[in-house]
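Notes to accompany the following structure.
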Amino acid sequence: MDDSVEDKIIYQVYLTHMKLLSSKLTSAKNKVNSFYNMWKYMQFYFTKPEVIFFLALILCLLFFSGNLFQSTNGFLKKINRSLSFIGFNDFQQLIVDEKDALSRNWKFDGKNVALYAIKGRRSQMEDRYVIKTNIMNTGISLFAIFDGHGGEFAAEYATTHLMKNLTNKIIEVKKLLDEKTDTTEELKIFNSNTPDNLTPKMKTKLAKVEEHTPTKMKPTSSADDSVINHNKLKQDPLNLKKDITTLKNIDDELINPSSYLQKDGNINFSKILIDEVLAADKLLIEAAKLTYDIAGSTALIVLVEGTTLFVANVGDSRGVMCDKKGNAIPLSFDHKPQQMREKKRIAEAGGFISFNGVWRVAGVLATSRALGDYPLKEKQFVIANPDVLTFDLSHHDPQFIILASDGLWDTFTNEEAIECIKKHIDDSFYGAQYLTIQSFNRGSLDNITVLVIKFPPIWSKESQVVDHGGSKY
């Protein structure tokens, strides 16, 4: 081949390569320009006030609907899976470990009584519960849910002390009623006999009758305080016997157990519930001050005697009944700061409420009534006075009732919870478990405790005592 022809070929090849290289550089430059232009467009549109307002509105709607955390958590998981391919695993710390949140739980499957509780997305479990059926063969059953905040101390104290004192008081008054009933029958016999005809045994019973006669009743002296009042000043909530002995007697006026007996021969359980809750709260505050523990707790207590249901509520744990028609009947009403009654009471005490995600007392507490919380009790911004409602079970003929902490009610309405359990009425434990996990999946950020009690109450004939006060998973 001629040298001149070879040079021309080499030159043509060189030009072709240069053109290809130039086209690649131009393409890369165009891509950079396109990304740059896209960024400019985003800056232009997303910095507009109306766009920012619209995005903020969407975030608020997601937040208040309870789906923000769930949506965010799913989005973070997708990012984490992408980052794990390149060896970046620290992002995992930002994501809630759902396996841990669901695996750390409490379970109870008894005679028509079932419970399921999980720690959920909280760092610690502050919920507590109590199940006591047919206490000492009295036919009386107690159920309770305590939802702690600011720590476990208040809920644990209520579980171990309030419920113990309440149980003792019920047994004491029930025994007194039985004795009075027996002695009343004996009195009819005694009235038909002269004192000379009485046997020593009958005279002893007559003495008991006179002892329980109102005209013979003697006022109890202050020396009997520790006996009548469940040894309140001898209790040792945190092994602080040395410090507790310095506490003054908080009960200015001792309540005689006979005062709970009504003229119709029944026991005033509503008064017992109120008195015991307030007494326990006073002792809790005194114990909390010694350790500077500002924890608090809600209290939802249900007492069943025969065909009567008593519900005492402090705070925002809630009970719901499913009647014979399948309707959702509220057993309690939440104590929220924004309620007119509570708002007025707080204002009269010199306090205020403010909105911080939800309405809060003094910008701190999301419930207007609670056990403990002694800094807010100083001026009665928060109180522990329970509302007590009474229900005639023979009228409602309930299928079941649900007691739960607000971790459930943040994501479920009363009607939704009732419908969920109705679908699993044949297996109440599975129903309680399913409802708890569904609440978690809906984005509940709190501990979740669900207690389902089925009727008719076959549990009232057998003693079951279960509680978790400070117990570990």
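The values are calculated or read from the model by the stated rules, or taken from the named source; none is laboratory data. This is a predicted model, so every value here is computed, not measured. So basically every Cβ, Gly included, is an ideal-geometry build from the backbone, and we count neighbours across all protein chains shown. Each accessible area value is taken on the protein alone, full model and side chains, heavy atoms only, with ligands, DNA and RNA left out. Shrake-Rupley method; radii C 1.70, N 1.55, O 1.52, S 1.80 Å.
Quick rundown of the values:
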{"quantity": "Meets criteria (within 24 Å of Tyr157 (Cα to Cα) and in contact (Cβ under 8 Å) with a residue 60 or more places away in the chain) for Asn447", "calculated": "yes"}
{"quantity": "The range 416-425, subset part of a loop (DSSP other than H, G, I, E, B) and of a type outside the set (D, E, K, R), residue surrounded by the fewest Cβ atoms within 10 Å (Cβ to Cβ)", "calculated": "Ile425"}
{"quantity": "Candidate set: the range 386-405, residues that are out of contact with any strand residue (DSSP E or B) (no Cβ under 7 Å at 6 or more places or on another chain) and not hydroxyl-bearing (Ser, Thr, Tyr); chosen: the one farthest from Phe146 (Cα to Cα)", "calculated": "His395"}
{"quantity": "Positions within the range 328-350 being surrounded by fewer than 16 Cβ atoms within 10 Å (Cβ to Cβ) and assigned to a helix (DSSP H, G or I), in sequence order", "calculated": "Met340, Arg341, Lys344, Ala347, Glu348"}
{"quantity": "Residue match in the range 426-445 (condition: under 20 Å from Leu142 (Cβ atoms), assigned to a strand (DSSP E or B) and of a type outside the set (Lys, Arg))", "calculated": "no"}
{"quantity": "Among (1) at pLDDT 90 or above; (2) more than 20 Å from Leu371 (Cα to Cα); (3) part of a helix (DSSP H, G or I) - the single one Ser226 does not satisfy", "calculated": "(1)"}
{"quantity": "Whichever residue in the range 408-431 is at pLDDT below 95 and among the small types (Gly, Ala, Ser) and, among such residues, is farthest from Ser123 (Cα to Cα)", "calculated": "Ser428"}
{"quantity": "Candidates Lys344, Lys336, Lys379 - the one that is of a type in the set (D, E, K, R) and in contact with a Phe, Trp or Tyr (Cβ under 8 Å, 6 or more places away or on another chain)", "calculated": "Lys336"}
{"quantity": "In the range 272-325, the residues that are touching a Pro at 6+ places or on another chain (Cβ under 8 Å), in a helix (DSSP H, G or I) and closer than 23 Å to Asn134 by Cβ", "calculated": "Leu273, Val277"}
{"quantity": "Enumeration of residues in the range 109-132 that are in contact with a Gly (Cβ under 8 Å, 6 or more places away or on another chain), of a type outside the set (Gly, Ala, Ser) and either over 30 Å from Tyr292 (Cβ atoms) or surrounded by fewer than 22 Cβ atoms within 10 Å (Cβ to Cβ) (or both)", "calculated": "Ile131"}
{"quantity": "Residue list for the range 162-182, filter: within 30 Å of Ala370 (Cα to Cα) and either open to solvent by 40 Å² or more (accessible area, probe 1.4 Å) or not in a helix (DSSP H, G or I) (or both)", "calculated": "Lys164, Asn168, Ile171, Glu172"}
{"quantity": "Filtered residue count, the range 134-184, keeping only those that are in contact (Cβ under 8 Å) with a residue 60 or more places away in the chain, touching a Leu at 6+ places or on another chain (Cβ under 8 Å) and of a type in the set (Ser, Thr, Tyr)", "calculated": "2"}
{"quantity": "Verdict on Ser192 being modelled with pLDDT under 90, farther than 30 Å from Gln262 by Cβ and open to solvent by 60 Å² or more (accessible area, probe 1.4 Å)", "calculated": "no"}
